[in-house]
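Computed from the coordinates by the stated procedures, all read-outs in this text should not be read as laboratory data. Only a predicted model underlies this, so the values are computations on that prediction, with no experimental measurement involved. Virtual Cβ from ideal backbone geometry, glycine too; neighbours counted across all protein chains shown.
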Amino acid sequence: AKEAAKKTQCGSNMRQLSIGLQLYAGDYDGGVPQSRYDPFLPEEDSWVFTLKPYIGKVDDIRICPADSKARERIRANASSYALNGYLTDAVASSVGGVRNFDALPRPSETITLFVVADVAPVSAYYDH
């Protein structure tokens with residue numbers, strides 16, 4: 001029952017992050033926040049922290065309660081969630097992606113957020 005509750009909370013976090021992404025896009029003509037693909041970008045440039053004005057307490061929802069590496073991710077200013085690389089800055093340009101929700105060819109078929117796999121490295125730069 002505890003694991004099921006954690007998974008439910010994780011889904012709720014993703015929903016809140018998705019709403020934040022849509023609100024952000026509304027203010028930026030469909031634009032998508034930057035990822036930390038570039039290791040020289042400051043922490044504030046990670047998409048999850050960019051959403052702070054739209055979702056409030058980012059630290060309360062950037063970590064999935066079921067994440068086995070939650071404490072490590074908190075210390076590293078990382079997140080349990082990753083933004084689709086097809087939508088992010090440098091990644092999008094190298095794979096023919098877009099940085100704008102309005103430019104997506106099939107928006108209803110595009111997954112925006114993912115839960116980071118347990119095998120993924122714990123790093124703030126692994127946000128896409």
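A few comments on the model shown:
- Summary of packing: across the peptides 114-125, 61-72, the per-residue average of other C-beta atoms within 10 Å ranks them, highest first, as 61-72, 114-125.
- In this Cβ point-charge picture (+1 for Lys and Arg, -1 for Asp and Glu), the chain has a dipole of about 520 debye about its Cα centre.
- On Cα atoms only, tilt of 2-27 relative to the major axis of the chain in degrees: 20
- Amide N proximity, segment 102-128 versus I74 label position 7 Å along Cα-to-Cβ, cut-off under 13 Å: none
- For the pair A120 and R106, label points projected 7 Å from Cα toward Cβ lie 2.3 nm apart.
- Under 5 Å, built H, 5+ apart or other chain: amide partners of Y81: V116
- For the chain, the tally of Lys pairs with Cα-Cα distances below 22 Å comes to 6, considering only residues 8 or more apart or on different chains.
- Among (i) 8.7; (ii) 7.9; (iii) 7.5, the entry derived from the coordinates for mean projected area of the Cα convex hull in nm²: (ii)
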